[in-house]
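Enquirer: Next up is a structure, given as structure tokens.
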Amino acid sequence: MSKISAHLPSSITPFSVISQIARRIRIVPLIILLISTVPAWFLTEAIAPQVVRAYTARVDLAIDRLPEENYETVLRKAEAAARAAAQRSFDQDILVTDVSIIVTVQNYGAIAPVLTLEVSRPQWRSRPDAQNWATYFKTARSLLFFENSSNTVPAGSGVSTQK
């Protein structure tokens, strides 16, 4: 018993153009395709280089007051810490364009910000002095329960703005 069935033609008809293109694709070596991507990448970078991503470094510093220190001594210690942190931030990362530092002091459980230092790299390069760029918080002395015998910020501190 043999079964006879009619063979139906396929719905996919081979096109001579497609077969010619397929042969040509097989002829092109893969190495030429891989090598051509490197000059294309260089050309793309030369025409439209990547944007430099600069940013602001933010640093929060906390200082504990020692029993024998007065407010002026704590303030000098805060300025030195802010100066070191600013210099370290600029030295560690070349993409940092600005530095923002907040120095807080703890005195027997009371914590308050004493100064903030905000400076750009060109400003710091021209004058690397924390006193020049610092902003002092005038209420910090009373918030930290220091004696109120002298209410002024010490002379020579270069106060830029009082908050």
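Enquirer: Failed condition for Ser126, given (1) open to solvent by less than 60 Å² (accessible area, probe 1.4 Å); (2) modelled with pLDDT of 70 or more, with all others met?
Expert: (1)
Enquirer: Next question. Where in region 27-144 are there helices (runs of 4 or more DSSP H), lying fully within it, with 3 or more residues that are of a type in the set (S, T, N, Q)?
Expert: Fully inside region 27-144 and qualifying: 30-47, 71-92.
Enquirer: How many residues are open to solvent by less than 100 Å² (accessible area, probe 1.4 Å) and within 30 Å of Gly109 (Cα to Cα) when one looks only at region 28-80?
Expert: 21
Enquirer: So in region 20-65, with the set limited to residues that are closer than 22 Å to Ala85 by Cβ and hydroxyl-bearing (Ser, Thr, Tyr), which one is modelled with the lowest pLDDT?
Expert: Tyr55
Enquirer: From the list Ile101, Ile111, which one is at pLDDT 95 or above and open to solvent by less than 70 Å² (accessible area, probe 1.4 Å)?
Expert: Ile101
Enquirer: Here's another thing I want to ask about it. Just need a number here: residues in region 129-149 that are loosely packed, with under 14 Cβ neighbours inside 10 Å and either among the basic types (Lys, Arg) or in contact with a strand residue (DSSP E or B) (Cβ under 7 Å, 6 or more places away or on another chain) (or both).
Expert: 2
The values are calculated or read from the model by the stated rules, or taken from the named source; none is laboratory data. Here the structure is a predicted model, which is why all the values come from computation and not from measurement. So basically every Cβ, Gly included, is an ideal-geometry build from the backbone, and we count neighbours across all protein chains shown. Heads up: the accessible areas ignore ligands, DNA and RNA and are worked out on the full protein's heavy atoms, side chains in. Shrake-Rupley method; radii C 1.70, N 1.55, O 1.52, S 1.80 Å.
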